[in-house]
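First the structure, in the form of structure tokens, and then the observations on it.
The values are calculated or read from the model by the stated rules, or taken from the named source; none is laboratory data. The structure presented is a predicted model; accordingly, all values stated were derived computationally and were not measured. Ligands, DNA and RNA are stripped out before the accessible areas are found, and what is left, the full protein with its side chains, is counted by its heavy atoms. Shrake-Rupley method; radii C 1.70, N 1.55, O 1.52, S 1.80 Å.
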Amino acid sequence: IGIIYLALAPLALTAIIYTIGMRGRSFITKSDDLGTPGWGTRLLWTALAALAFMIVALVPILGGLIWLLAYIFGLGAVASQVWIALSGDKQTAKIV
């Protein structure tokens, strides 16, 4: 189980950092019609979110707790997307 967690850690952290980056983009721009972002925009906002996470990690106790929460939420996001992909149920995909 530990090996599985170690293998999924990069996916979980990438998923949560990408999500935070895209949410930050929609929060800062405050435009109703953002459109689909290109790869450069996605890369920029994901990099900014990763930088913010690295800065937060410098705080001794709070940083570790935030990384742990990000890992847990990221694992949940990855697990739910894997479940939807493997189940093939279109009703489940609509709920999420």
Kindly indicate the residue of segment 4-19 that is under 8 Å from the mean Cα position of the chain (by Cα) and open to solvent by 70 Å² or more (accessible area, probe 1.4 Å) and also farthest from THR41 (Cα to Cα) among those meeting that condition. THR14
Which one is modelled with the lowest pLDDT, of the residues in segment 20-47 that are within 15 Å of the chain's Cα centre (by Cα) and open to solvent by less than 60 Å² (accessible area, probe 1.4 Å)? SER26
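Listed here are the residues, each with its yes/no results for (1) open to solvent by less than 90 Å² (accessible area, probe 1.4 Å); (2) under 13 Å from LEU8 (Cα atoms).
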| position | (1), (2) |
| --- | --- |
| ALA49 | yes, no |
| ALA52 | yes, no |
| LEU58 | no, no |
| ILE61 | no, no |
| GLY64 | yes, no |
| PHE73 | no, yes |
| ALA77 | yes, yes |
| ALA85 | yes, no |
